[in-house]
Amino acid sequence: MPKEMMRFMFDSARKRMSTIIDLEDEEAAKTEHKYGKRLHIKGASEIVLETCDSYLDYNGDKCPLDDNIRQEINEIINTYAKGALRTIAFGYKDL
């Protein structure tokens with residue numbers, strides 16, 4: 001079980017919260033940079049989306065987030081917003 005290292009509480013100005021966790025050695029060895037820290041973020045979808053340069057596809061594979069995919073995601077967010085629904089996005093980055 002990863003150990004939480006640091007938490008940045010939800011802030012209404014930033015519209016997101018973040019947590020840095022310490023990964024187990026076996027998990028850290030599988031990360032992009034082989035370093036045992038990971039940032040988890042959750043918050044307003046449009047805000048989190050702005051910080052992303054990749055996404056996980058249906059198979060869990062990391063793919064570049066190009067303009068077409070970004071537009072597709074924004075359209076989904078806007079569709080929910082027009083129905084008075086809020087969306088939350090989750091992201092992570094290996095540090």
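Here, each number is a calculation from the coordinates, and none is a lab measurement. In this text the structure is predicted, and so the values were computed from the model without any measurement. Please note: Cβ atoms are built from the backbone with ideal geometry, for glycine as well, and neighbour counts cover all protein chains shown.
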### Query
So which lysines pass the test for LYS93, namely a Cα distance under 29 Å, with those fewer than 8 places away in the same chain ruled out?
LYS3, LYS15, LYS30, LYS34, LYS37, LYS42, LYS62
### Query
Which of SER18, SER54, SER12 comes first, and how do the rest follow, when ranked by fewest Cβ neighbours within 10 Å?
SER12, SER54, SER18
### Query
Roughly how many debye, to the nearest 20, is the charge dipole of the chain about its Cα centre, given +1 on each Lys and Arg Cβ, -1 on each Asp and Glu Cβ, and no other charges?
500
### Task
Provide TYR55, TYR35 in ascending order of the number of other Cβ atoms located within 10 Å of each residue's Cβ, fewest first.
TYR35, TYR55
### Task
Specify which labelled value, from [x] 7.1; [y] 11.1; [z] 6.6, agrees with mean projected area of the Cα convex hull in nm² derived from the coordinates of the model shown.
[x]
### Query
Tell me, ASP11, ASP22 in order of fewest to most beta-carbon neighbours within 10 Å?
ASP11, ASP22
